[in-house]
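The values are calculated or read from the model by the stated rules, or taken from the named source; none is laboratory data. Remember, predicted model here, so these are calculated numbers, not experimental data. All Cβ positions, glycine included, derive from the backbone under ideal geometry; neighbour counts span all protein chains shown.
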Amino acid sequence: MFDLARSIDAHMASTDGSSERAIAGVTSGLIRCGERVTWEAKHFAIRQRLTVEIVEMTEPSSFRDVMIDGAFESMSHGHVFEEASGSTVMVDRFTFRAPLGILGRLAESIFLTSYMKRFLAKRAQALKAMAESEEWKRYIQKAA
């Protein structure tokens, strides 16, 4: 699950609703600590770019990426993997701050926080389906 979550190719396959694709930096395979990827995606009918860097990685239990450039004022996404009853549980620890001061805080409370929660939950569900089928092999064996 750890490798599946850091697979650029699996990421693109798990975010079909936003047409997310890697356009710079690491654009395929497994991303590693210190590496960057620039994502291009469509959110709220607007094409956006977001560059993140993997700043921490403890294999196979966690990694964290932070926004280097993009639409947010700040963003950090921790991916934590824990064993529970013989299964792996992936926990997303996502924090962000919208730009534009008080208007950004208002957007966060009205719609942005719930949108991001739904986006991450949908992606997690797609990764779970990959992990529980043979599909994971397309992304892990390709990257190895």
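The table that follows gives values for the structure above.
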| item | result |
| --- | --- |
| Residue in the stretch 61-71 that is surrounded by fewer than 17 Cβ atoms within 10 Å (Cβ to Cβ) and of a type in the set (Asp, Glu) present | yes |
| Output for the stretch 23-44, where each listed residue is of a type in the set (A, V, I, L, M, F, W, C) and within 20 Å of Phe96 (Cβ to Cβ) | Ile31, Val37, Trp39, Ala41, Phe44 |
| Meets criteria (touching a Phe, Trp or Tyr at 6+ places or on another chain (Cβ under 8 Å), charged (D, E, K, R) and free of Cβ contacts under 8 Å to residues at least 60 places away in the same chain) for Glu56 | yes |
| The stretch 3-35: number of residues that are under 16 Å from Phe119 (Cβ atoms) and not β-branched (Val, Ile, Thr) | 12 |
| Of all residues in the stretch 28-87 being among the polar types (S, T, N, Q) and in contact with a strand residue (DSSP E or B) (Cβ under 9 Å, 6 or more places away or on another chain), the one that is farthest from Ala10 (Cα to Cα) | Ser74 |
| Complete set of residues in the stretch 73-91 that are part of a strand (DSSP E or B) and either closer than 22 Å to Ala45 by Cα or within 11 Å of the chain's Cα centre (by Cα) (or both) | Ser74, Met75, Ser76, His77, Gly78, His79 |
| Residue that is farthest from the chain's Cα centre (by Cα) [pool: residues in the stretch 116-144 that are among the basic types (Lys, Arg) and exposed (fewer than 12 other Cβ atoms within 10 Å of the Cβ)] | Lys137 |
| Residue match in the stretch 34-42 (condition: outside any strand (DSSP E or B), within 24 Å of Tyr139 (Cβ to Cβ) and not hydrophobic (A, V, I, L, M, F, W, C)) | yes |
| Those residues of the stretch 92-115 which are surrounded by 12 or more Cβ atoms within 10 Å (Cβ to Cβ), free of Cβ contacts under 8 Å to residues at least 12 places away in the same chain and either outside any helix (DSSP H, G or I) or hydrophobic (A, V, I, L, M, F, W, C) (or both), in sequence order | Leu106, Ala107 |
| Residues that are loosely packed, with under 15 Cβ neighbours inside 10 Å, more than 23 Å from Lys128 (Cβ to Cβ) and out of contact with any Gly (no Cβ under 7 Å at 6 or more places or on another chain), drawn from the stretch 72-91 | Ser74 |
| Which listed residue, of Thr38, Thr58, Thr51, is surrounded by fewer than 14 Cβ atoms within 10 Å (Cβ to Cβ), out of contact with any Leu (no Cβ under 6 Å at 6 or more places or on another chain), over 19 Å from Arg118 (Cβ atoms) and among the β-branched types (Val, Ile, Thr) | Thr58 |
| Residue ID - modelled with the highest pLDDT, chosen from residues in the stretch 79-102 that are over 15 Å from Lys117 (Cβ atoms) and small (Gly, Ala, Ser) | Gly101 |
